[in-house]
Structure formats: C-alpha cells, structure tokens
C-alpha cells in the first residue's frame, strides 16, 4: 500500500518533466528553424546564392560638343528625346578664340598677298629695266675701250677717260644689281608663296572644321535627357551640348562582390522594371570594376563597387533610356515559362525583404 502511494506521487512529476523536455525541444527546434530561415533569407536576398544586381538601360552613345575655348551656344535645334538622323544640325556655337584665329589668319593672308604683289610688280619693273641696263653697260664698255685706245695714242685727255671709266663702271654696276635683285626676288617670291599656301591651308582647314560653328549628328539615334540651352557658355570639362544614343538598347549592370558563383557569358537572367519583366542574356563581362551610380547606393553605407557586365535584351522590348532595373537569377523555370503566380509571389517577397533590410540599416 505504501509503494502504491509513493508511485502515485511520482507520476505527476514524471509527466511534468516529459512535457518540459518536449517543450524545450520544440523551443530549440523553433529557434534553430528561425535561425536557419533567417540565414537562408539573408543568403538569398543578399545576393550571395541567387544573383541580385542593379543596372541601367542604355545604348551606345556619342557626345556632341564643341572642342573650342571660349565657346557660347548660339542656337539649339533639338530637344531631349528627339529622333535625329546622321548629318542633322544639332546646334550652332560661337567661339571667340576660333574667330580671333580666323581673323589673324585672314590678316596674315592679306599681308602675304600684298607682299607677293609688290615683289611681282618689282620683278616686272626689273624685267623692263634689265635689257636697257644691259645695252647701256655694253655700250659704255665699248666706248671706254675706244677711248682707252685713243688715250694710248695721245688723242684723248685723261679727264675724259676718267669720266668715261666712271660711267662704264656705273652702268655695269646697275646691270649686275638688277640681275642680282631679280634672282633674290625669285627666291623671296617662292618663300612667300609657300608661306601663303600654308596659311591658306590652315585657314581653309579651320574654316571647314569650324563650319560657322554648326554641329551635326554623326549618327542616327535619339537625343539624351541633357541638352545645353542657347546662350550657355561652355567651359573647360563641360563642352557637351547633347548626347545621341544609337543602336539597340542593352543593360549595364554591376555584379555585387557578395555573389558566390561565377557569372557566365550567355547565361539567362531575369530583368524586372517596375511591373514589366523580361528575360535577358549576359553578353559580356567587362574587365573593369566601377563604383555604382548614386541611385544604387545605400545612404550612410560605404560606397559599393562591382564588376560591370553587359546584358542584351530582346529588340521588341521597349524600355526608356536611363531606366533602373533589377537583375536576378532565373528560378522556378522563370526564364522558360514566363513569370507566373509563384514567381511573382517570390519576387514580391524578395522586395519586401530588401525593404526591411534597408530600414534596418
């Protein structure tokens, strides 16, 4: 009887211990599951296991600017988003330095032309004087020879011979001076002609390049969002008037350092822009790392960097230039069958997790 009473007293205690042990195990299991789920969510949403990158829609683009100093925009013929064709006039600028250089070259051309004209006029005068000077020198020498013979016979006084000698020398000197000047002028004229050609070529080249300050689109495409207004003064490092985007659209994205796996060329990825989802293909992994644009940075955090890679998108897809997109790994056959209910739900969950992480930071 005493044994039964003791056994009955121990039964509630054993039951309580079993229940507590089970509760403790359940709590430990719940904590373990919570930690596991938290780690899994962090690995997935943090872009460690599944790719999670950001990118921008862009195209090949060419900046149209004025590579001149002291430039002012006179006219602008395009607006952001306009379609332009190759050779279409974009703007007209006015450069004080180019105008000054053209004026200086024009003045130099006029000076050289004047000098060449003077030399040619002098050459013409020498051409008319030289035959007469040659005849005069020859006649003076012949007369001097005759006087010298007569002087030896005592028929001519010395003074007349002296005067004739001086006259013959002056005539010969005049003749030789004109011949030497003609040769000198020929060399000088050739030098001035060469200088005039160089100045004229420089003037024509600069005039053709400047083209009155007109700037033309080198390719067909669309004008970017930033266009310089008329009256603006372009300074060093800020001479871009407009940007023309050409060719098919593509995505430039930044591969986060936290991603554990290798990204391969040709790999398909899921691209999402607001409510639109498309499938892209990794076209190229660029051998460069760059800082992410400000819109991708987390306020108060260290500035993030990532390897730049290029994603091609279908031509039929119409996405605006500069649109921010998110890139992720294709899961649940997302790239094969499109975005279904499950995929959409997963994407929304990932967005919520990102927001929570952002608020936590």
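Throughout, read-outs are computed from the coordinates displayed, never taken from laboratory work. All figures in this text were calculated on a predicted structure; none of them were measured in a lab. Here Cβ is always computed from backbone atoms with ideal geometry, including for glycine, and neighbour counts include all displayed protein chains.
Grab the beta carbon distance between residue 165 and residue 72, set R0 = 51 Å, and tell me the FRET efficiency rounded to 0.05. Don't jump to the answer; show the numbers that get you there.
On the way: r = 74 Å, r/R0 = 1.46.
It comes to 0.10.
Between residue 205 and residue 79, what's the calculated FRET efficiency when r is the beta-carbon distance and R0 is 51 Å? Round to 0.05.
Details: r = 33 Å, r/R0 = 0.64.
So, using R0 = 51 Å, E works out to roughly 0.95.
Compute the length gained on full extension between residue 188 and residue 142: take 0.36 nm times their separation in residues and subtract their Cα-Cα distance, giving the result in nm to one decimal. Present the calculation step by step, with values, prior to reporting the outcome.
Numbers: separation 46, 0.36 × 46 = 16.56 nm, distance 3.47 nm.
Net length gain for the segment: 13.1 nm.
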How far apart, in nanometres, would the label points at residue 214 and residue 324 be if each is projected 7 angstrom from Cα along the Cα-to-Cβ direction?
4.2 nm
How far, in nm, would the chain grow between residue 240 and residue 63 when pulled straight, counting 0.36 nm per residue and subtracting the alpha carbon separation?
63.1 nm
To the nearest 0.05, what FRET efficiency results for residue 179 and residue 104 with a Förster distance of 56 Å applied to their C-beta separation?
0.90
Between residue 230 and residue 122, with labels modelled 7 Å along Cα→Cβ, what's the label distance in nm to one decimal, could you check?
5.2 nm
